[in-house]
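Peer 1: Handing you a structure now.
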Amino acid sequence: MKVYAVGVLMLCLTGCNKGNIDTKEAVRQGVIDYFANKKDVNVGSMKVDVSAVTFKENEADATVAVLPRGGEGQPMTFRYTLERKGNRWVVKPKAGSGHGAMPMGANPHGAMPPAGAEGPASAMPPGHPPVPENTRKK
């Protein structure tokens, strides 16, 4: 009888643990799944680390550091809000943007003019000191 009770207790503990996805690893997998759905991101070439996460009911707020695999230096850091969907975490789009965070490699300052471009597109930003003509690329 005691063996039976111990077996039932172990099954209950295992079953209760199975549904708990409030872990950094589960959130990390949700972020990796998010990156994998992006056309311009090669998840296999990235090291993804959840440096901090807080859980609140069916949401998780995560700070994620991304570094190229084998790369050194300062990682790029992103903040994501994820929501629980069944037994996994899914990155929520940010309001008004349709994205969970800025896409990898995107320039937050807008497009840069093509190399060697002349005219207003290649003008320096307001307040930039003048650049002597003899040092400009032609």
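Peer 1: Order by neighbour count: Leu67, Leu82, fewest other Cβ atoms within 10 Å first, most last.
Peer 2: Working: Leu67 15, Leu82 23.
Taking fewest neighbouring Cβ atoms as first place, the list is Leu67, Leu82.
Peer 1: Can you tell me how much longer the chain between Val43 and Thr63 gets when fully stretched, taken as 0.36 nm per residue apart minus their C-alpha distance, in nm with one decimal?
Peer 2: Details: separation 20, 0.36 × 20 = 7.20 nm, distance 1.74 nm.
Contour length minus Cα-Cα distance gives 5.5 nm.
Peer 1: Give the relative contact order (percent, whole number) for region 14-81; include only Cα pairs under 8 Å separated by 6+ residues. If you can, show how the numbers build up before the last one.
Peer 2: On the way: 82 pairs, mean separation 15.6, N = 68.
Taking the mean separation of contacting Cα pairs over the length of region 14-81, I get 23 percent.
Peer 1: Tally Lys/Arg at +1 and Asp/Glu at -1 over every other residue whose Cβ is under 12 Å from the Cβ of Ile32; what's the total? Walk me through the numbers on the way to the answer.
Peer 2: On the way: positive: Arg28, Lys38, Lys47, Arg88; negative: Glu25, Asp33, Asp49.
That sum, taken over residues with Cβ under 12 Å, equals +1.
Any read-out appearing in this document is the output of simple, stated calculations on the displayed coordinates, not a laboratory observation. Nothing here was measured: the structure is a model prediction, and the numbers come from that model. Counting neighbours? That spans all protein chains shown, and the Cβs are built from the backbone with ideal geometry, glycine included.
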